[in-house]
Each structure stands twice: as structure tokens, then as C-alpha cells.
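*Asks:* I am attaching a structure below and will ask some questions about it afterwards.
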Amino acid sequence: MATSLLPDSLTAPDGSAVLRVLSYNIRSMRDDTTALARVITACDPDLVLIQEAPRFFRWRKKLARLAAASGQVILSGGATAAGPALLCSLRATVERTEDVLLPLTPGLHRRGFATAVVRFGGARLGVLSCHLSLQKDERYEQAGMLLDRVAALGTEHVIAGGDLNERPGGRTFRRLADGLQDCWATAPWGGEYTSTPVDPHQRIDAIFATKGIEVLGCGVPHGHPGVTQTDLRAATDHLPVLAALKVPASWTTAQGLS
């Protein structure tokens, strides 16, 4: 359970930024969308890394409705990334976005990444939302593609997260944690287990950050103001992961060169 509040979002005089980042599998908005919007709103995130965004009929309208109801705007993804999506607050200055489709294995679900490069104050960072395969070998290969994509974003600092479909002891999870900070393991806060809301017993959703980012706290926002157990159970079949992260100002921005 959360024993203290996470820091609020802010931009410091040196250009660094404290961000709230939420990762959430929303199960194609097939559950209580009002409860879902309340949970997101209460977490007050700067970035929302979504998995299982709507992908079919009028999917953009559905995602836009959720963004508006939770004080966000659509950044990238959705059907064009095979499910992952990114939302952001109006604090973000958007530099670029890209939806990436991963190689399709016959008989398995198409997967993809929603990515973006954004700025908050003087902090420039890459962002990636993912939903990895249920098949273990494909999942492991996708983790490698994720790390390659993190490197290809061209930013010193990157936040990546999503539904890994694997627990921390698995080789895919370990592959990601070897290359990036596992934010829960670095600064645990709130609850650990993300599946299922009715019987939380496993951590298969996570937020990762590159080494230069300071993790101030990360976990399931049990006890966070405005987040109720009733809403968490009604919103979807996963629990969200909320992190507070301090991102340093980029050197070029701090020097006024870009």
C-alpha cells in the first residue's frame, strides 16, 4: 500500500523535470470507461503508456474520448501500433512520434510500439509503450527490438513501459532490466502486483528508465488520493503502474543550443 504521496510534477530552474508516468493495460476499453478515466485523472500523469487501446471501429474516437475525460491528449499509437498508445498532458512539447509494427509471426497477434520524443522544460526524452507477446520466444526477441528502439530514439533519456506478459524472474523481463532501470525494483512505492485487480498475485506490467533518470517512486497506486479499489477493479483487467521520475535537462537545451 502507498504510505506516502509521490512528488508532484514540476520543472526546476535548471531545466530538469519531475514527471508522473502511468502505464496501463485498458483492455480495449471494454470495461467501465468512467472508472478508467477516474483512475487516470486521479494519478495526474504527464505521460500515459497505454496497452490494448481500441483497434477497430472508430478506435480514434474512443481513445480521444478517454483522453479528454482524463485530462490528456493523444500523442501516438492505437490501431496504427497494434494496440500500444501514448497520451500526454499539455505540459509536453512534442518533437516527433512514430508507430512501429513488429514482425508478424503467423498465427500470433500482431505487436507494435508507440514511440515519441518529447520535452518537459529542458528535459528531452524518448517514450515507448509496448505489449509483448504471449509466446516466450517471440517475447524475448521483442525485448531485444525494444532495447534497439530505445537506442534508436536518439535521446539521452528514455522511459519505456507496458504489459510484458512475464514476471520479473523470466528471461525477457531480465533482459530489459539488465539494460534499463526497473523502476519498481529501484524505488518501490504502492503495490507491486499488477494482475489481476481482483486477486493481485503477479507483476507483469512495468515501467523502465535509462540510467540517468532518477526514480522517485514506482508502483500500483493503492491508497493514492482519488484512486479507489472499486474503480481499479471496474476499469480493466490490469492494475496501473504509476512512477515519479526526475529527468535531467539535456545539455544542449540547458546551454540554449537547441
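The values are calculated or read from the model by the stated rules, or taken from the named source; none is laboratory data. Just so we're clear, the structure is a prediction, and the values are computed from it rather than from any experiment. No Cβ is skipped: glycine too gets one built from the backbone with ideal geometry, and neighbour counts run over all protein chains shown. What goes into the accessible areas is simple: the full protein's heavy atoms, side chains included, and nothing from ligands, DNA or RNA. Shrake-Rupley method; radii C 1.70, N 1.55, O 1.52, S 1.80 Å.
*Asks:* May I ask you to verify whether P106 is of a type outside the set (K, R), closer than 14 Å to V21 by Cα and not in a helix (DSSP H, G or I)?
*Replies:* When the stated conditions are applied, P106 does not pass them.
*Asks:* On the basis of being open to solvent by less than 10 Å² (accessible area, probe 1.4 Å), at pLDDT 95 or above, in a helix (DSSP H, G or I) and not hydroxyl-bearing (S, T, Y), does V48 make the cut?
*Replies:* no
*Asks:* Which of the following residues is buried (at least 24 other Cβ atoms within 10 Å of the Cβ) and either on the phi < 0 side of the Ramachandran plot or part of a strand (DSSP E or B) (or both): G161, G169?
*Replies:* G161
*Asks:* Name, by its number, the condition in (1) in contact (Cβ under 8 Å) with a residue 40 or more places away in the chain; (2) within 25 Å of E166 (Cβ to Cβ); (3) aliphatic (A, V, I, L, M) that does not hold for A53.
*Replies:* The one condition A53 does not meet is (1).
*Asks:* In the stretch 200-245, which residues are open to solvent by 50 Å² or more (accessible area, probe 1.4 Å) and not basic (K, R)?
*Replies:* Correct list: P200, H201, E214, L216, G223, P225, G226, T228, Q229, T230, D237.
*Asks:* Let me ask something else. Here is a list: V100, V118, V94. Which entry is open to solvent by 60 Å² or more (accessible area, probe 1.4 Å), in contact with a strand residue (DSSP E or B) (Cβ under 7 Å, 6 or more places away or on another chain) and either over 21 Å from I204 (Cα atoms) or not in a helix (DSSP H, G or I) (or both)?
*Replies:* Within the list V100, V118, V94, the selection yields V94.
*Asks:* State all residues of the stretch 121-132 that are free of Cβ contacts under 8 Å to residues at least 60 places away in the same chain and in a strand (DSSP E or B); if no residue qualifies, say none.
*Replies:* G126
*Asks:* Something else about it: Considering every residue within the stretch 26-36, establish whether at least one is at pLDDT 95 or above, buried (at least 23 other Cβ atoms within 10 Å of the Cβ) and of a type outside the set (G, A, S).
*Replies:* yes
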